[in-house]
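Sharing a structure with you now.
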Amino acid sequence: MTRREKAIVIVQRLRDAGHESYFAGGSVRDMLLGKDPDDYDIATSARPEDIQKIFPRTLEVGAQFGVILVLHEGDSFEVATFRYDGPYLDGRRPSEVRYGALEEDIRRRDFTVNGMMYDPIADRLIDLTGGREDLARRTIRAIGEPRARFQEDRLRMIRAARFAASLGFEIEGKTFEAIRAEAAHITLVSWERIGEELTRILTEGGARRGFEILDAAGLLPHILPEITQMHGVEQTPDYHPEGDVFIHTMRVIEQLAGPMEALAYGALLHDVGKPVTAGRSEQRITFYGHTEKGAEMAVAILKRLKRSRTVWERVAYLVKNHLRHTQAPNMRVSTLKRFLGEEGIEELLELTRLDALASNGDLQYYDFCRRKLAELQHEEIHPPALLTGKDLIALGFSPGPQFHEILERVKEAQLEGELRSRDEALEWVEKEYRGRH
């Protein structure tokens, strides 16, 4: 049974129990666009307690908003009771929620393309706001009065940019002007919710367009001023014929294709340190230390956006090291092997590829690293250790800082091909450190 078929079973069971029920929101939009929805959200007249009586396996994921998660044959479906939202006094959440009728539920939603419902039993579309026409016009338009919708929930302003970017739609004029008028209030929304939306813009497709919309709508200075500051920061034409740092960054994120979160933010933030390190030296534009400064700034930004430690640590690695591959042809063999053996090397090389293609197109250093990765066996990059601390103790060394120094030197000699066996390593240690233990 497909996910869609399971969702229809849920709709039918609600109907059999005497309740209205329909597919709702994004699933209907995607169906009309000829896409297979990732999720099938269901809206119903049934109250949460009714839903829990009808279905044996449920979870209360948003009971205060009338949302119950129904577990059915290995899949889960959000089933939400028709509701009416009271005034949004803080620009984030309604002051009250009461259960309502179908039309009230539709008119409380954000955009017309998300405000349609579909009856899968009778094959009937319910469209009270002109959503189908806006889909045909490829338009994102707020339901009702745009400023009122955004004053209810400021996050909808970023969501408008996300939908326009991922769908390739335009934002309707009055809706766009309402975003510009309300943009300064976006930080009333929690940074965690803002971070989630920005992550989706970067990873769901149309990242460049999404950020250009955020910029044009006046949202970017309030949520990512560090990106806005890239405007007008000139770069050396030989390396960056495409233009300033902002244009370059947009060209980098334009190439993202279903990336993991860390790579997406690495692409967005790889040059974030340039505006604060820009200088000139003999008619040449310089950005000394921008990778280190950028890594520091990236961590601060991602902490602000409430991203995970795993993400901001990897992004810091990508930003700090995104030019390191240019030194690869001149690295010692051991240094090159260590570099190519680093945990984040695949994401780092992908970032360097995107970076090069967004500038002068020179892939020679990326190609060199790729060629070396193909030539070297895994065991050459990650060889098993020749010695351990126990071996050093057996030689008469006492545990301490010198242990690390010795083992690192042995590993470097091993990577250089100078030491190939445990016996050679033991002999080398005895020779190099004789009388020092």
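Most fluctuating residue of 152, 405, 204 in a GNM of the chain with Cα springs under 10 Å: which is it?
Evaluated over the chain, the most mobile residue of the options is 405.
Oh, and also: Please list the non-local residues whose amide H lies under 5 Å from the amide H of residue 140, H modeled 1.01 Å from N, same-chain partners needing a gap of 5 or more.
170, 171, 172
A further question on this structure: Under the classification rounded if a/c is under 1.5, otherwise prolate if a/b is larger than b/c and oblate if not, where does the range 94-138 fall, given a ≥ b ≥ c as square roots of the Cα gyration tensor eigenvalues?
Cα axes put the range 94-138 in the oblate bin.
Amide H of residue 111 versus every other amide H placed in the peptide plane: which residues, excluding those fewer than 5 positions away on the same chain, fall under 5 Å?
When sequence neighbours closer than 5 places are left aside, the close amide H contacts are 143.
Further question: What is the packing order of peptides 387-396, 125-134, taking the mean over residues of other C-beta atoms within 10 Å and listing the highest first?
Taking the mean over residues of other Cβ atoms within 10 Å, the ranking is 125-134, 387-396.
Under a cut-off of 24 Å between alpha-carbon atoms, report the lysines in cross-link reach of residue 390, not counting same-chain residues fewer than 8 places apart.
Output for residue 390: 411, 431.
Show me, for the range 343-353, the HN-Hα J-couplings you get by feeding each phi into the Karplus relation (A = 6.51, B = -1.76, C = 1.60, θ = phi - 60°), rounded to Hz, glycine and proline as x.
4, x, 5, 5, 5, 5, 5, 5, 4, 5, 5
Is the range 259-381 best put as rounded, prolate or oblate by its Cα gyration tensor, with a ≥ b ≥ c the root eigenvalues, rounded for a/c under 1.5, and otherwise prolate when a/b is larger than b/c, oblate when not?
Oblate, because a/c is 1.5 or more while a/b does not exceed b/c.
So, one more: For a protection proxy built on the mean count of beta-carbon atoms within 10 angstrom, sort 156-164, 418-426, 272-280, 211-219 highest first, please.
156-164, 211-219, 272-280, 418-426
OK, next. How do the peptides 310-321, 240-251 rank, highest first, by the average count of neighbouring beta carbon atoms within 10 Å per residue?
Most protected by this proxy first, the peptides run 310-321, 240-251.
Among 361, 417, 232, determine the one that fluctuates most according to a GNM of the chain built with springs between C-alpha atoms less than 10 Å apart.
Residue with maximal mean-square fluctuation among 361, 417, 232: 417.
Below 8 Å between Cα atoms, with a sequence gap of 6+, how large is the relative contact order for the chain in percent?
Reported as a whole number, the value is 8 percent.
Averaging sequence separations of C-alpha pairs under 8 Å and six or more residues apart, then dividing by the length of the range 1-130, give the relative contact order as a whole percent.
Relative CO of the range 1-130 lands at 23 percent.
Given a cut-off of 28 Å, name the pairs among 6/306; 274/306; 35/303 whose C-alpha atoms lie farther apart than that in the structure shown.
With Cα atoms farther than 28 Å apart: 6/306; 35/303.
Related question: What relative contact order, as a whole-number percentage, does the range 159-253 give when Cα pairs under 8 Å and 6 or more residues apart are counted?
28 percent
Continuing with this model, one more query. Where a ≥ b ≥ c are the square roots of the eigenvalues of the C-alpha gyration tensor, would you call the range 1-130 rounded, which needs a/c under 1.5, or, failing that, prolate if a/b is larger than b/c, or oblate?
oblate
Right, next: Using a Gaussian network model of the chain with C-alpha springs under 10 Å, which one of 74, 266, 168 is most mobile by mean-square fluctuation?
In the Gaussian network model the winner is 74.
No value in this document is a laboratory result; all are computed from the given coordinates. In this text the structure is predicted, and so the values were computed from the model without any measurement. Cβ atoms come from the backbone with ideal geometry, glycine included; neighbour counts cover every protein chain shown.
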